[in-house]
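In what follows, a structure is listed as structure tokens, so that the remarks can point back to it.
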Amino acid sequence: MSLDLWLVYCAAAIGLSLTPGPNGLLSLTHGVRFGVRRTVFTALGGVAGFTLLIGASLAGLGALLAASEQAFTAAKWVGAGYLVYLGIRTWQAPAIALVPQGGGGAPGDFGPRRLFSEGFLVAVSNPKALIFFAAFLPQFMEPGASWAMQLAVMGGTFAVVEFVYELMLAGLAQRIAPWLARNGRWFNRITGLTFVGIGGMLAATERH
């Protein structure tokens with residue numbers, strides 16, 4: 001990929017990351033609940049999920065979902081179900097507690113593996129993202145270039161952009177954490193309803 005084309009792709013990747021979505025919301029929530037240091041694992045999970053989607057899109061799976069009603073419907077309901085489940089869990093979560101500046105341990109069973117898996121599952125739970133990448137990435141693909149090279153360039157660029165964006169959201173959340181700590185239950189309920197709403201919108205989406 002030429003430098004000029006890469007700069008255009010990088011700008012597009014930044015625009016895509018800034019579009020509100022469930023991974024940004026998850027990083028904001030985890031940033032408040034667990035601190036920026038712990039949310040690194042959430043962001044890494046999201047990045048891994050998006051990289052997997054980009055690789056699958058480059059391999060043609062996005063086109064398969066776009067062409068197959070059954071495959072798209074199955075993936076859609078699985079993704080919607082997970083987002084609704086995540087929303088219910090967030091609604092039921094206890095009020096947010098302030099995280100010490102030292103970035104203490106995540107409460108309960110929310111260790112690095114759990115945080116990573118949540119970020120990963122939210123990223124891969126939306127088949128529309130796979131289809132979007134399948135439609136978006138060909139504009140920047142170079143005929144004859146290897147799959148691995150294109151994944152390294154396009155997947156790596158998007159991964160860095162998304163990682164920085166999610167950590168910025170987590171840092172912003174920590175700045176407003178004192179206010180959120182006083183209104184923790186409402187924050188959890190609004191966030192939970194938002195996840196449920198995103199899941200509902202995903203369930204209602206069509207391939208077109």
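Each value in this text was obtained by applying a stated rule to the coordinates, not by laboratory testing. Only a predicted model underlies this, so the values are computations on that prediction, with no experimental measurement involved. Here Cβ is always computed from backbone atoms with ideal geometry, including for glycine, and neighbour counts include all displayed protein chains.
What ³J(HN,Hα) values, in whole Hz, does the Karplus curve 6.51 cos²θ - 1.76 cosθ + 1.60 give for segment 151-168 when θ = phi - 60°, with x put for Gly and Pro?
Per-residue couplings from phi come out as 5, 4, 6, 6, x, x, 5, 5, 4, 5, 4, 5, 4, 4, 4, 5, 5, 4 Hz.
Taking amide H positions as placed in the peptide plane 1.01 Å from N, state which residues far from residue 68 in sequence (5 or more) or on other chains have amide H under 5 Å from it.
Amide H neighbours of residue 68, under 5 Å, 5+ apart: none.
Please compute the length gained on full extension between residue 77 and residue 142, using 0.36 nm multiplied by the number of residues separating them and subtracting their Cα-Cα distance.
Gain on stretching residue 77 to residue 142: 20.0 nm.
Per residue of segment 38-44, in order, report the coupling 6.51 cos²θ - 1.76 cosθ + 1.60 (Karplus, θ = phi - 60°) as ³J(HN,Hα) in whole Hz, putting x for Gly and Pro.
6, 5, 3, 5, 4, 5, 5
Could you give the length gained on full extension between residue 5 and residue 113, defined as 0.36 nm per residue of separation minus the Cα-Cα distance, in nm?
35.3 nm
Hey, fewest Cβ within 10 Å first, where do 6, 186 land in order?
186, 6
So, counting K/R as plus one and D/E as minus one, what does the shell of residues with Cβ under 13 Å around residue 36 add up to?
+3
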